[in-house]
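Notes follow once the structure below has been shown.
Every read-out reported here was derived from the displayed coordinates using simple, explicitly stated rules and does not represent laboratory data. Nothing here was measured: the structure is a model prediction, and the numbers come from that model. Don't worry about glycine lacking a Cβ; one is built from the backbone with ideal geometry, like all the others, and counts go over all protein chains shown.
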Amino acid sequence: MIYECLAPLVPIDKHHPALCVDVDFAEYDVLTPAPRTRFLYGKADFVAINREIAAIDWSSIFSNMSLDDATYGRLTDEATFKHLRERVSRLEADCYSQYLAHTETSIEKNPKCFWSFVKQRSKSNAMPSSFKYGD
């Protein structure tokens with residue numbers, strides 16, 4: 001709630017009256033982060049994994065299967081895939097254009113964003129040797 005302050009700390013200005021602001025703060029329980037599954041690949045016994053995979057008789061597993069059985073055979077699936085792939089390509093191009101526009105407009109306020117873009121494009125962490133205005 002905002003209201004006129006009856007006991008201001010400084011003299012009142014006609015255009016800038018002293019105001020009091022009452023804010024109610026709600027108490028929230030601290031949210032604990034959801035448990036995250038992490039795979040510890042560094043602790044895996046890859047020798048044993050490879051040995052187990054090599055011991056499997058893959059030819060007997062796949063002998064009854066054909067590649068044609070693994071596909072649906074519907075023409076609409078391929079058409080849907082092509083349509084979605086085209087939409088993704090357009091969206092990707094639009095997002096990249098927006099990213100470039102944002103980088104260009106924020107160069108004065110946030111030069112770090114520009115240099116991150118330059119480093120990413122050059123695939124190097126070093127600064128460029130020269131720059132020319134208009135490039």
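Taking each residue of segment 106-117 that is free of Cβ contacts under 8 Å to residues at least 24 places away in the same chain and looking for partners that are in a helix (DSSP H, G or I) with beta-carbon atoms closer than 6 Å, six or more apart or interchain, yields Ser106/Cys113; Ile107/Phe114; Cys113/Thr103; Phe114/Thr103; Phe117/Thr103.
One line per residue, one yes/no per condition, for (1) under 30 Å from Tyr133 (Cβ atoms); (2) touching a Pro at 6+ places or on another chain (Cβ under 8 Å); (3) surrounded by 10 or more Cβ atoms within 10 Å (Cβ to Cβ):
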residue: Glu27; (1), (2), (3): no, no, no
residue: Lys43; (1), (2), (3): no, no, no
residue: Ala54; (1), (2), (3): no, no, no
residue: Glu86; (1), (2), (3): no, no, yes
residue: Ser89; (1), (2), (3): no, no, yes
residue: Glu92; (1), (2), (3): yes, no, yes
residue: Thr103; (1), (2), (3): yes, no, yes
residue: Glu108; (1), (2), (3): yes, no, no
residue: Phe117; (1), (2), (3): yes, no, yes
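Among the residues of segment 42-101, those that are among the hydroxyl-bearing types (Ser, Thr, Tyr), in a helix (DSSP H, G or I) and farther than 30 Å from Val118 by Cβ comprise Ser59, Ser60, Thr76, Thr80.
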